[in-house]
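Every number here is computed from the coordinates shown, using simple stated rules; none is lab data. Bear in mind the structure is a predicted one, so any value in this text is a computation, not a measurement. Counting neighbours? That spans all protein chains shown, and the Cβs are built from the backbone with ideal geometry, glycine included.
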Amino acid sequence: MKTIVLKRGNHSYIVKETVKVLSSGGLVVFPSDTVYGLLADATNKYAINKLIEVKNRPFGKVISIFVDGWGMLDKQVEILSSQKQVLHEILPGAFTVILPSKHQVDSRLESEKNTLGIRLIKYLLINQLVRAFGKPLTATSANLSGKQPHYQLSTFQKELSSKKTQLIDLAIDAGNLPRNRPSTVIDLTKANIKVLRQGDRSVDKIYISKSEKETKKIALSIFNQNKKNVVKKPMVFIISGELGAGKTVFIKGIGEELGINNIISPTYTIAYEYPLKDKYFNKLSHFDLYQIDSAQDLEKIGIEEVLKPNNLLMFEWGEKIGNLIKVINKRAYIVYINIEYITEGSRKLRVSYNS
């Protein structure tokens, strides 16, 4: 099994090498938005044979697929007009959606009822890979059937026999992944939406902003709706989104209400602190994780010192928070914000909470 370590500057190389392996019917261990997964060409019977053998997958147990966007999604499943609104509210995100299959993939990935699980996620590297490959990929966790999912490549490797290890052609090592549970599974095949498996988060609301001013207003509204829920805990905003999406603008909207008019993104210093004179909070700690490359870097930011009651913490580039989420999850009230670029002036803000 060849292993490539994921680094900031080698994403294009990883996509290129992974596409080569997948194109030849290979099997790849790859990080995702939840856990390490096993990727294979969803249309290649030989690749699916290997996947089923590695996982000890029982016959009839379905396997979901990754798609790169709405066009590929529409080619794989039947979608009613009444279902489109629900799909656009929850996708892309940490959800698997069950819909009637159009039978474009290996039949063993489908259920006996001819349904198929679809994943359209916010993990950029997966989306780049599926787009480069041009076909859907399997979206199953890298673990033996019935075993726990893995957040480290090394723990999965220890689980494998030498025979199974030989069936895997490539592994991408992204280090320790955040301890997110697997995706929430939603069945949309019937009139009533049914949650088959609850993941870490449920979507509470989606906002559309058409200006920076509107983004600030939305941020303040979310803050005011939630601050009263914080009792003897710090309040934490974990904000994700691509470069220029508006993460700092969101934080400014809350900061200005609290009397802070000089908020800038602490990209190179990682953290800024602002004392507050507020009924609910004593201090605002603003973190920018863009420069974080390793678990060791995360340990240096001093989270223990500020993760205290009556403190407000804001994390930009929240997708890099790694194992810190375990500590924060136990001790804080968390609001997740994902900001998506729509057009030059428009953004979609997705709010979610720990379930």
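Worth pointing out:
- For the cross-link pairs K122/K217; K247/K330; K102/K210; K228/K283; K102/K190, the ones whose C-alpha atoms lie over 28 Å apart are K102/K210.
- Taking the centroid of alpha carbons for each part, segment 157-172 and segment 99-124 are 25 Å apart.
- On a per residue basis, the convex hull of the C-alpha atoms belonging to segment 201-354 measures out at 104 Å³.
- Within the chain, helix-based [θ] at 222 nm, where runs of 4 or more DSSP H residues each add -39,500 (n - 2.57), nearest 500: -8500 deg cm²/dmol
- Computed E for R8/E159 - FRET, C-beta separation, R0 30 angstrom, nearest 0.05: 0.55
- Exposure rule at most 11 other beta-carbon atoms within 10 Å, DSSP loop GluC sites (Glu not before Pro): the chain longest free segment: 113-343
- For trypsin sites (Lys or Arg not before Pro), the sites in segment 14-66 that DSSP calls loop and that have at most 14 other Cβ atoms within 10 Å are K61.
- Nonlocal amide H pairs with K283, under 5 Å, H built at 1.01 Å: L276, L312
- Computed with the Debye formula from one identical point scatterer per Cα of segment 2-197, without solvent, the log10 of I(q)/I(0) at q = 0.11, 0.17, 0.18 Å⁻¹ comes to -0.45, -1.13, -1.28.
- This model, with +1 at the C-beta of Lys and Arg and -1 at the C-beta of Asp and Glu, gives segment 2-197 a dipole about its Cα centre of some 320 debye.
- Reported to the nearest whole Å, the Cα centre-to-centre distance from segment 213-257 to segment 1-37 is 34.
- For segment 201-354, size of Cβ-based charge dipole, Lys and Arg +1, Asp and Glu -1, in debye: 780 debye
- Global geometry of segment 106-148, whether rounded, prolate or oblate, following the gyration tensor of its Cα atoms and the 1.5 cut on a/c: oblate
- Most to least packed among 29-38, 230-239, 66-75 [average Cβ atoms within 10 Å]: 29-38, 230-239, 66-75
- Amide H contacts of G241: W317, G318, E319, I339, each under 5 Å away and 5 or more positions distant or on a separate chain (H built 1.01 Å from N in the peptide plane; Pro and chain starts excluded).
- In plain terms, the chain from Q152 to E89 could stretch by 19.6 nm, reckoned as 0.36 nm per residue minus the Cα-Cα distance.
- The chain: relative contact order in percent, alpha carbon pairs under 8 Å with at least 6 residues between: 18 percent
- Dipole moment magnitude, nearest 20 debye, the chain about Cα centre, only Lys, Arg, Asp, Glu C-beta charged: 760 debye
- Length gained on full extension, E112 to S82, computed as 0.36 nm times the residue gap minus the Cα-Cα distance: 8.4 nm.
- Within the same chain, aspartates and glutamates fewer than 8 places from K227 are excluded, and of the rest, those with a Cα less than 15 Å from its Cα are E257, D278.
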